[in-house]
Each structure stands twice: as C-alpha cells, then as structure tokens.
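One structure is given below, encoded as structure tokens.
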Amino acid sequence: MEPMPRSAVSLFLGLALLAPAACGGTAPQESAPKVATSTAAGACEAKTEGACKAACDGGNAACCERLGDLVMQDRDRGPSRVRAASEALGKACSGGRARGCQKLSRLMLYGFSGALDADPVQAATLARRACDGGDPAGCGDLGRMLLHGIGADVDEQRGAPLLARACDEGDGASCDVLGTALIFGLAVTPDQERALELFVKAAQTSEKGCAAGDPRACLSLGKALVLGRGARREQPRAAALFQRACMAGLADGCNWLSVAYTYGLGVPIDAPRARALAQQSCEEGSPHGCGTLGTLLAYGVGGARDPDEGAAVARRACDADPSACIHLASAYDKGAGVPEDAQKAASLYRRACAAGDVQSCMAFGLVMVRGEGIATDKQGGYAIVSAACDARSPDACTVLGKLIQKGTTAAPDPTRALALFLESCEAGAPMGCEQAGISYAEGKGAARDDARAAELFRRACDSQQESACLELGVFRAEGRGGPRDEAASTALLQKACEAKIDIGCTLVAAKPADRAALHAKHRTKVDECNALIDVINVGVEDLNKAPGPDATTDPTGARALGSMADVMDRVAQQAAGVRLTVPELVQFNADYRGMAVAVAKAARAMAKAADAQDAAAITAAQADLDKAVKQEDPLVDAINAFCQEKQ
C-alpha cells in the first residue's frame, strides 16, 4: 500500500508557536536587580557600537540594550559576540529595561553553541520580569512557556491570558500563537472565527512593529506574508523580511530564509544556501533551525546525505523545544537514521501538535486517519487536518484535498480537491503542485490539460518533490504536455530513482517507448492495492469495535459471535465490490472473501450451538472457526508483500 504523497522538505513549513531569537551568551550574575519597565532609563541617542558602549558604561540602560542588538549582528566575531551581547543586555535588564530582560531571556532559552548553555528556568524568570515591567513580548514568551511547560511547570490558566494580554498590547507574534491555539483548541476553547481575526491582527500589528524597526515583528510579518495567513500572500517581500530578521541576529529568521531558498518562496531555489542557513540557524540556538538541518541532512538537500546525523540533530531540536519535534517524528515515520517506528512517530507528532506546531497537527491528523501507530479515527483526523488547512498550512491543504478526493468522510469531491491542491501549490507546497498536476493529467476536477499538468510537475520537481520528477519524466517520454525528449525523461527518472523511488529506477532501465505503459501498470497496481487494503482495514476496525463476550449480558458469547459474523459478511460483500484488474489481486480478493465467509459461517454455527448448549456442535464449530481464522495472517502477509514489492 503506497502512502499518501508527502514531501521530505515539506516539513520545513511547520509553524512554531515561538520564533526564537538567535543565539545566547554568558548570562551575567545579577544581585537585587531593579524591576524592569519598558521605558526605563530614557532613550539612547548613540548610533555606533563604540558610542553605545560608552553610554552603557555610563549607566544608560537603553544604550546597553542597543549595544546588545548591535553586537549580535556582528557575526564575524563568532561566539565572543554572544558573551558581549548577554553582558550588555544583562546591564539593560538590571537597569530597568523590560525589553532588555526579554531579549536576554531569548538568549538564555536555547543557548548558543560554544558560548552559552541553555537555561530555560532562568529564561522564564527573565521573561516574567520583562512582562512585569510592561513588555508585551515578554508576556507572550512567558505565556507560551507556561502553556507548554518550558522552564516552568505547565499552567494553562495563566499561559493563555498572558498571550491574550500580549496580543492586546501590540505583540503580533503572540496574536499568532493565540490564534493557533484557538484553531486547535490547545488549552483554550476552539474558536475558528476568533482565530482568523487574531491572524489578521497579528499581521497588522507586526506590520507596525516592523516599520518601527523591531526585527522580531519583521519575522512575524514575514511568516504571515509567506503563508497568506491574516494578510495577502507576498512571498518576495516575506523573503526580504526573513533576510532582515536573519541579519539582525534572529536565528529563526535564518531558518525561515532557509525554508524560502529550499522551496523558492520569493527567491530562486538554492539548496546549498538553504543548508548553510539552516546550519547557521542551528548553531545560533534555534531548535527549528536544527530541525530543518536534520531534514536536509536526512534527504541530502543542498549537500551530502547523512540520515544518521540528521536524526541526531533532529533529536536535539526536539529535546530543546517540543514544537520542533516534527523532524524527529518524520525520521521515525520514514526510518531515516533511526529504526522505523510508527508509534514513536505518532507520539512525537502529537507532542509537537500540542505545542502548537501546525504542520505536526496535520501529520498527526493524517496518522489518525490511517491508523498508523495509533487507533484509527477518520473523523477526528480529518477535523485536525482541516483545522491545519484553516491555519494556512499549505501542506495541510494538500492532504485535505487528498482526503476529500478519496472520500474519506463524505462523497469524493474532485473539484474541491483540485482547488485545494492549487491553493497549496501557490502557497509554496510542492506536493500541492504535484497533486494538481495529476488531477489535470487525469481530468479529475477539471478538463484534462497536459500542458498545465507538465508545468505543475516541473514546479514540484524543481522544489525537491522527486515523485513529481517521475511524473514529468513519463510525460517527456510520451511527449505529453510538450515535445518528446528521451534524454530529459531519463534525467528526470534518474532523479526519482536516486530519491529511492523504486519505479523510477525501473523506468530508467526501460526503453523510453515502454515507460508510459510501465508507469500506467504500476499506478494501476498501486490504486488497486490501496482499494483492496482499505476495505480489509475497515473490516479490521469494525471487528475491533464489535462487542466482546459479557458474562452478564451475553453469558454464552453467542451475541459476540453473531457480531463477528455480521462484520465478516460485510467485509466479504464490500471486497466483492472492489474493481480489480491485476490478476494477483483478483485472486487475493477471492481468497480473502472466501476466508471471511468461512469465518462468518463458523461463528454463526458456534453461536447457535452455544445457545443450544450443544457441546459437540460447539466443538465442531470451534474447529471450523479456527481453521478459517488461521488463513487470515498468511493471506494478509501475502497481500502486503505483493503490494510493497519493489518494481
């Protein structure tokens, strides 16, 4: 059974609740500090680092804060700048600058490689001082820490109100965090209408803050613009804002700039640069930068492939911040650098979702729908994926489109599915482009349009969606959507093969004239395998939900046996309705239906014998039931082996 397509690098668009500032430094020891205020110690007229240092040494706390900012921007100084910046910000905080306390808190939260160990407890203390002094960003940071137990015990009753206060007082990032919490009902009652209002407020407030020179607000605005969340999508401007935030010393700004260069969001795709920026972001203390780097390493984007190191880096990211656990979850999901483990993957997706990462919520919803490492819950999983799409996750809208196209919870709607694919494609999701291309190629949701399909495949392939390279390679072999080009077809299929897509390797080795037919045969097998396995899995779910024996209400077990028989009859009937053309699957289907009918017959016979208290009949029926049931495991193993074999 082939899983629903999902891009490796698509994970980068996860929306963390907190966009952490870069880096750290050696935190100064403080004794009896003043209570900070947002306007304490006047203004700083100094512009240069030297002038700011002189004023800071003279007791001007505002200049100490500015000195910390200037020093952090001077990356040529390496880790030494972190020590100097933390010292300056420590003086600003002690001198009564609430924003200085907030900035120092950010430095302390995740630390800085080679200069500062992370100290979340001290970071929470500093955020509380910043908030007490009237700094909205400090209140927002503290609110998130309390919501998710970072540096402090979980305290949802205090965390959500602090975020609301910060939002009301002009911190756009806190509006975004609170909006995400309302979308998913994280520590608050779900309220989609209010959430969407907060996304708009986040963008508008961040616009004002960025215009006033706050790089943190510029980063928040960039995220709104790149996703079209609360504002009109403007990806070139978003990329420029990420660049600005990165240059200002915000490690998470460098991470988002890495995402932009990975996907081509407002800038040309540049995988090596994306990897360098992720490396820089990680080294400067961003868990999300480390998570991005882990995924780039795992899949060889922008450099050598190293899944073991990628998983190790992703684990550090997850340990530092639960909202960054999606990258480690993906590693367990795919078996990239760690043993494949669906239960661990599901647990980590759940953990990151609970910490407010929208992309993780999408992934968790999808594993709920599939029942991978967790009990199947199609309605609940669909609702979570839909909420993630409402939160403007491009990948979530693609996944939602696939669920709608398939008819997961209602009748299939290919037109709506195509609209979602196109929306996510324009938002920068390569798999959205690929799925839209497939829809146009097959005439699903719109008239067949090979030229448009080819262009969509090209966009997705250029953005590291190798399965789209395979589709385009087949198009080039056929001359669909453009001229026939055997050399281009081979190069595209080779790219898919190198990405471990087995059918890509098969097609590379085939004659160009045979590639389309082989690809069609493969797709037919995949579609028919999925259709048959879905029916069987639904039957297993129904069987697990059926009531078991109850000594009080069903002392003979006859009622439970009857329920089993009903389920197995229903499975046999539904399997008979699956349209199959692959000979092996036709035989598997017949064998499975025969087994299901035999189980149902034996179960009913045993129920009848139990009601009649006929010991001999019970024994005979039990033997028939055992014989029928023993057929299931080998048959299921054979179906899975056939459907998962390399092409």
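Side notes on the structure shown:
- Residue ranking by accessible heavy-atom surface, 1.4 Å probe, largest first, among Met564, Met606, Met108 comes out as Met564, Met606, Met108.
- With a cut-off of 11 Å between beta carbons, the residues surrounding Glu284 carry a summed charge of 0, where Lys and Arg count +1 and Asp and Glu -1.
- Counting Cα-Cα pairs of the chain in 20 Å increments starting at 0 gives whole-percent bin shares of 18, 45, 26, 10, 1, 0.
- Given a 1.4 Å probe and the protein chains as shown, Lys521 ends up with an accessible area of around 150 Å².
- In this view, the solvent-accessible surface of Ile374, computed with a 1.4 Å probe and all protein chains in place, comes to about 40 Å².
- Shown for region 605-647: the carbon plus sulfur share of the solvent-accessible area, taken with all protein chains present and a 1.4 angstrom probe, equals 52%.
- Extension gain for Ala617-Arg158 works out to 158.7 nm (0.36 nm per residue, less the C-alpha to C-alpha distance).
- Heavy-atom surface analysis with a 1.4 Å probe gives region 272-336 a carbon and sulfur content of 46 percent of its accessible area.
- Shown in residue order for region 478-495 are the 3J(HN,Hα) couplings computed by the Karplus curve 6.51 cos²θ - 1.76 cosθ + 1.60 at θ = phi - 60°: 8, x, 8, x, x, x, 5, 8, 5, 5, 5, 4, 5, 5, 5, 5, 5, 4 Hz (x for Gly and Pro).
- Between the amide H of Gly557 and those of Asp550, distances stay under 5 Å, these residues lying 5 or more places away or on another chain, with hydrogens modeled in the peptide plane.
- Helix-only CD estimate at 222 nm, as mean residue ellipticity for the chain, using -39500 (n - 2.57) per DSSP H run (n ≥ 4): -22000 deg cm²/dmol
- Length available on full extension from Thr409 to Asp626: 0.36 nm per residue minus the Cα-Cα distance, which gives 74.7 nm.
- Selection among Leu67, Leu227, Gln280 by position relative to the dipole of the chain gives Leu67 as farthest towards the positive end (Cβ unit charges, Cα centre).
- Cα gyration tensor shape of region 60-148, rounded if a/c is under 1.5, else prolate or oblate by comparing a/b with b/c: oblate
- Here Ser386 sits with roughly 30 square angstrom of accessible surface, probe radius 1.4 Å.
- The charge dipole of the chain, taken about its Cα centre with unit charges on the Cβ of Lys, Arg, Asp and Glu (plus for the first two, minus for the last two), comes to roughly 1160 debye.
- Entries in Lys444/Lys521; Lys223/Lys495; Lys47/Lys91; Lys545/Lys608 that, when Cα-Cα distance is taken, lie over 26 Å: Lys223/Lys495
- Heavy atoms of the protein chains alone define the surface here; on that basis the chain has 40 Å² accessible area per residue at 1.4 Å probe size.
- Distance between the 7 Å Cα→Cβ label points at Gln343 and Lys545: 2.4 nm.
- Three-way shape label, region 181-338, alpha-carbon gyration tensor, a/c 1.5: oblate
The values are calculated or read from the model by the stated rules, or taken from the named source; none is laboratory data. Computed from a predicted model, the values in this text were never measured in an experiment. Note that we place each Cβ from the backbone using ideal geometry, even for glycine, and neighbour counts take in every protein chain shown. These area figures cover heavy atoms from the full protein model, side chains too; ligands, DNA and RNA do not enter into them. Shrake-Rupley method; radii C 1.70, N 1.55, O 1.52, S 1.80 Å.
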